[in-house]
Amino acid sequence: MLTYTMDEEERSRWIIAPPSVRALAQPYLCSEVGDFYARSQFAAARSDKNSFIVFYTLAGCGVVEQGGQKVMLTRGQALIMDCRSPQSYGTAPGHDHWYHLWTHVDGGGVSIAAQELGYPRLVPVPVALSRVKPYFDVLFDLLETEDIENAERCGLAVHGLMCELICASHHTVTDSET
């Protein structure tokens, strides 16, 4: 089940590329990537997507709820959660926007990284944009092209993104780093 209100600016992007059989066998894979310039009414609720989702807040504030937990995501914070369990997310009440990068990722390596990042607890991770943006850029550039080289590069980008989140979770990021 998926319900949503797509209250976004036109500059938002959403790329969907179902993974190939070969990609599904990899420890890190990506099936979707987006940058949403969400306005105040943006909201989504889902109960059964076979992947994890990673959010990274560029500006504004988002709210994510799952398993009785509710967290706010502000500028410079990332979060991973398993979409196999019911969840909801959107622009936080009282805020007029939530600009964020996001990607649906999966694989055994992602599952292990999620556990290292505290999942099933929802734990926002402060991380500098400069540390995660290169990986999102690779996914935006290569995800739609179906060939083995790009599938491997996308898998490496997901691996790099997981590494940055884990490393960032072990130290505090200052505002000047975001």
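The values are calculated or read from the model by the stated rules, or taken from the named source; none is laboratory data. Since the structure is predicted, the reported quantities are computational estimates derived from the model, not experimental observations. With ideal geometry, Cβ positions are generated from the backbone for all residues, glycine too; neighbour counts draw on all protein chains shown. The area values use the complete protein model at the heavy-atom level, side chains included, leaving out ligands, DNA and RNA. Shrake-Rupley method; radii C 1.70, N 1.55, O 1.52, S 1.80 Å.
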Percentage relative contact order, segment 73-178, counting C-alpha pairs under 8 Å, at least six apart: 36 percent
I want the local charge near residue 39. Using Cβ-Cβ distances under 10 Å, sum +1 for each Lys or Arg and -1 for each Asp or Glu among the other residues. -4
For segment 1-105: Kirkwood Rh in Å [reciprocal of mean 1/r, alpha carbons]: 14.0 Å
So for 130, 12, what's the accessible-area order with a 1.4 Å probe, most first? 130, 12
If one compares the long axis through the Cα atoms of helix 148-169 with the longest principal axis of the Cα atoms of the chain, the angle in degrees, nearest 10, works out at 40 degrees
Counting only heavy atoms of protein chains, what accessible area per residue, in Å², does the chain have with a probe of 1.4 Å? 48 Å²
For the chain, what does the relative contact order come out to in percent, with C-alpha contacts under 8 Å and a separation of six or more? 26 percent
Relative contact order in percent for segment 1-92 (Cα pairs under 8 Å, 6+ apart) equals 30 percent
Mean-square fluctuation maximum in Gaussian network of the chain, Cα pairs under 10 Å, restricted to 75, 22, 153, hits 22
What is the angle, in °, between the Cα long axis of helix 129-142 and the longest principal axis of the Cα atoms in the chain? Nearest 10 is fine, range 0 to 90. 50 degrees
How much of residue 74 can a 1.4 Å solvent probe reach, expressed as accessible area in Å² and rounded to 10? 60 Å²
Largest-first ordering by accessible area, 1.4 Å probe, given options 154, 163: 163, 154
Which entry in [x] 9.4; [y] 15.3; [z] 10.3 is this structure's computed mean projected area of the Cα convex hull in nm²? [x]
Using a 1.4 angstrom probe on heavy atoms only, work out the carbon and sulfur share of the accessible area of the chain in %. 53 percent
